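This report concerns only the one structure given below.
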Amino acid sequence: MVKVIADGTVIADSTNTVFIEGNHYFPVEDIKTDLFVTSQTTYVCPVKGDAEYRNVNVNGKTINDVAWVYPNPKAKVEIKGRFAFDKSKVQIAE
């Protein structure tokens, strides 16, 4: 099981991640989606396509751009709709 912890709160845990380029991509059903809001930040990866970022609200704090998702990736379709997390902003426990 892989867990993502933000400010002491588990925001995702899964036994079904996809590990690509040093990141675990979590299926949406294994994420506490009620804690997340869409960020204004976007990113275009030349290989994977357009990424959308998410902020997370925990313990009265907002952590900006904590996760990203590729809703319609160009390649690596196994990450479609899965969330990856910024390791500088959360703890990832494997």
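Annotations
- Paramagnetic reach from Val10 (point 7 Å along Cα→Cβ, amide N under 13 Å) across region 20-36: 30-32
- For the chain, the dipole from Cβ point charges (+1 on Lys and Arg, -1 on Asp and Glu) about the Cα centre works out to 140 debye, to the nearest 20.
- Think of the chain as a dipole: +1 on every Lys or Arg Cβ, -1 on every Asp or Glu Cβ, centred on the Cα centre; then among Pro46, Ala93, Asn59, Pro46 lies furthest on the positive end.
- Listed residue (Thr33, Asn72, Val2) projecting farthest to the positive dipole end of the chain, Cβ model: Asn72
- More than 15 Å apart - percent of Cα-Cα pairs taken over region 6-55: 60
- Using a cut-off of 20 Å between Cα atoms, the listed pairs Lys32/Lys61; Lys61/Lys89; Lys3/Lys74 include Lys3/Lys74 as exceeding that distance.
- Of the options [x] 5.5; [y] 7.8; [z] 5.1, only one is mean projected area of the Cα convex hull in nm² as computed from these coordinates, and that is [x].
- Under the simplified labelling scheme, the Lys61-Asp34 pair shows an inter-label distance of 2.2 nm, with each label point 7 Å from Cα along Cα→Cβ.
- Whole-Hz couplings from phi, Karplus 6.51/-1.76/1.60, listed for region 45-50; x for Gly and Pro: 8, x, 9, 8, x, 7
- The phi torsions of region 62-67, fed into the Karplus equation with coefficients 6.51, -1.76 and 1.60 and a -60° offset, translate into couplings of 10, 9, 6, 6, 6, 9 Hz, rounded to whole numbers, with Gly and Pro shown as x.
None of the figures in this text is laboratory data; all of them are computed from the coordinates on show. Computed from a predicted model, the values in this text were never measured in an experiment. With ideal geometry, Cβ positions are generated from the backbone for all residues, glycine too; neighbour counts draw on all protein chains shown.
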